[in-house]
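The values are calculated or read from the model by the stated rules, or taken from the named source; none is laboratory data. Here the structure is a predicted model, which is why all the values come from computation and not from measurement. Neighbour counts run over all protein chains shown; Cβ positions are idealised from the backbone, glycine included. Heads up: the accessible areas ignore ligands, DNA and RNA and are worked out on the full protein's heavy atoms, side chains in. Shrake-Rupley method; radii C 1.70, N 1.55, O 1.52, S 1.80 Å.
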Amino acid sequence: MVSSAIPHFYSSLSLGFSTKIPRPAVFSRYRNLYSKSFTVTASASLDYSTDKSSISSKTSSWQWKFKDNSIKIHYEEHGDESNAATKNILMMPTISDVSTVEEWRLVAKDILQQSGNVNWRATIVDWPGLGYSDRPKLEYNADVMESFLVDFILHQNSPIGKDLVIIGGGHAATIAIRAAKKGLVKPTAIAAVAPTWSGPLPIVFGRDSKTETRHTLRAPAVGWMMYNILVSNKKSIQSQYKSHVYADSANVTPVIIESRYGLTKRKGARYVPAAFLTGQLDPVKTREEFVQLFEGLEGEVPVLVVSTSGAPKRSKAEMEALKEVKGVTKFVEVQGALLPHEEYPHLVAREIYSFLQDLII
């Protein structure tokens, strides 16, 4: 997310809202994927006809060794405690100044509680420098985040099992797609929810003006001052959520704002936001490169793209650019803006679960 204190940024965004949403074309390269129109509502329900009372949740940590650093990574596990065979889901929060595992909790629980022949196990992990993970002073960029994702999946001491589906929001989705295209990870499928690729300042001011701002935000004294103005204050966070993070401002509660504000006060909290705001975490530099990432997975990895009806104008255009891309197995649109999985978890869970069912049946 980006602070409302950045000049002219919000004036460039527009929000839309509609509950009558046609499902766009679905590309049936994998059997049982189909196309139809549907209406989404905030009260959409899932199938809980089978009692899965054995589902449990726990938090834990994993040490990521990166160069000369040992970084404590926070993650959550949600799954069935039975001995039944399971398939694994890795959920990556949207990369932003208030990124957190909390975004995906309800989606994870909705998917796990549904009836079906497969027992799913979901792991939600905070990125290094974000959420409840450690936040050391590193030169954060997209390559660093990609390295973390690859290590977390492939390391011999990784807490994740095999046969893995990756689900990510925003930049996280695009970084996962990039890693898969390079062959660094080989997931069973990828779900990209409201995928993005550009940080806010390059959109507004161009890519040549980012370096000075990034170094200023990282500076010991003036950096904290700028960070508190741009990111770490409740009014700024509330403005973000109401203007472009959520589609319905009525869904922005004091509890959410307090939680996100607390994250911005953690030790080292400003380093990743500085990189995100200035485009250092952008996995690509142009829309053409963004589209090419998805095209590169055609026939290799099934990909679901979940677009949103209320995304900001420019973000919406990037999502729409993926609608006819060959590497996108299924494209759907749901209610929401940039964080639909938190604002409308049942809708997002329904689409992801349907996609997963189509792939395994």
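Over the range 216-300, the hull volume per residue, using the convex hull of the C-alpha atoms, is 145 Å³.
Shape annotation for the range 73-206: C-alpha extents along the principal axes are 52, 29, 28 Å, from largest to smallest.
Extension gain for Asn117-Lys326 works out to 72.3 nm (0.36 nm per residue, less the C-alpha to C-alpha distance). When a 1.4 Å probe is rolled over the protein heavy atoms, the share of accessible surface on the range 264-329 that falls to carbon and sulfur comes to 44 percent. If R0 is taken as 30 Å, the Cβ-Cβ distance between Val222 and Lys72 corresponds to a FRET efficiency of 0.60.
The listed peptides 260-270, 281-291, 120-130, ordered by packing as a protection proxy, come out as 120-130, 281-291, 260-270 (highest mean of other Cβ atoms within 10 Å first). With the highest mean first, a sort of the peptides 104-111, 65-72, 351-358, 135-142 on other beta-carbon atoms found within 10 angstrom per residue produces 104-111, 351-358, 135-142, 65-72. In terms of packing, defined here as the mean over residues of other Cβ atoms within 10 angstrom, the peptides 170-177, 323-330, 187-194 line up highest first as 170-177, 187-194, 323-330.
Per residue, the range 248-361 exposes an accessible area of 33 Å² to a 1.4 Å probe, with every protein chain left in place. When the inverse distances between all different Cα atoms of the range 234-283 are averaged and flipped, the Kirkwood radius reads 12.0 angstrom.
For a straight C-alpha distance cut-off of 15 angstrom, the aspartates and glutamates reachable from Lys242 (same-chain residues fewer than eight places away being disregarded) are Glu258, Glu342, Glu343.
Between Lys65 and Val255, the simple spin-label model (points 7 angstrom out along Cα→Cβ) gives 4.1 nm. Measuring between alpha carbons in the structure, the pairs from Lys234/Lys313; Lys235/Lys265; Lys58/Lys109; Lys182/Lys326; Lys67/Lys181; Lys65/Lys137 lying more than 19 angstrom apart are Lys234/Lys313; Lys67/Lys181. Cβ-Cβ distance of Lys265 and Gln292, R₀ of 41 Å, FRET efficiency by 1/(1 + (r/R0)^6): the value works out to about 0.55.
Once you order the gyration tensor axes a ≥ b ≥ c over the Cα atoms, which shape class does the range 265-333 get: rounded for a/c under 1.5, otherwise prolate or oblate by comparing a/b with b/c? In terms of gyration-tensor shape, prolate. Counted over all Cα-Cα pairs of the range 83-127, pairs farther apart than 17 Å make up 36 percent.
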